[in-house]
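Notes for the one structure printed next.
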Amino acid sequence: MKRLSMPIVSVLVAFAAGCGVGPHVDDFNESLVAAAVAGCACGNIGYSSEEECRAEAPPDEGEQACIEALFKNAEANYEAQLDCRTAVNNRLASCLNSKSCTDLARLGCGGEAAEDLEDCPDLPNDINQELAECRN
């Protein structure tokens, strides 16, 4: 039996993973969870405790599966948009985790993230809407 060369195997793996979007979506989902959990450390508005926040704030498995399906089924390639949003979420989580709960600079983390998000390539309105629906 003839072995497939590595470039061919890579192409097949990328195709099976939704044309390379798979890892980008996984990273995006992980960054959403990291940012949400980092926000919970000091209690999050609307939650009675850090534990309740950690249980309810991050996207659950169903929401993450919805996001994954959205991007894997999309006709266009949104890797750049996902990578940018992943980086923003990771910086937000890092910023929040580097501040104490009494540090007023913690409030600036969200503002910085919002500004950074504005610099990300736009997603089409229909994809943004579906993404919001996945997270609700």
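The values are calculated or read from the model by the stated rules, or taken from the named source; none is laboratory data. The structure displayed is predicted, hence computed values, not measured ones. Here the Cβ positions follow ideal geometry from the backbone for every residue, glycine too, while neighbour counts run over all protein chains shown.
Figures for the structure shown
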{"read-out": "From LEU107, LEU96, residue being touching a residue at least 40 places away in the same chain (Cβ under 8 Å), part of a helix (DSSP H, G or I) and either of a type outside the set (Phe, Trp, Tyr) or out of contact with any strand residue (DSSP E or B) (no Cβ under 7 Å at 6 or more places or on another chain) (or both)", "value": "LEU96"}
{"read-out": "Filter result (out of contact with any helix residue (DSSP H, G or I) (no Cβ under 7 Å at 6 or more places or on another chain) and either modelled with pLDDT of 95 or more or of a type in the set (D, E, K, R) (or both)) within segment 70-86", "value": "GLU75, ALA80, GLN81, CYS84"}
{"read-out": "Unmet requirement for GLY46, which otherwise passes all of (1) in a helix (DSSP H, G or I); (2) surrounded by fewer than 14 Cβ atoms within 10 Å (Cβ to Cβ); (3) modelled with pLDDT under 80", "value": "(1)"}
{"read-out": "Single condition ALA76 does not satisfy, out of (1) of a type in the set (Gly, Ala, Ser); (2) outside any helix (DSSP H, G or I); (3) in contact (Cβ under 8 Å) with a residue 60 or more places away in the chain", "value": "(3)"}
{"read-out": "Residue match in segment 87-100 (condition: within 14 Å of PHE28 (Cα to Cα), of a type in the set (Ser, Thr, Tyr) and at pLDDT 95 or above)", "value": "no"}
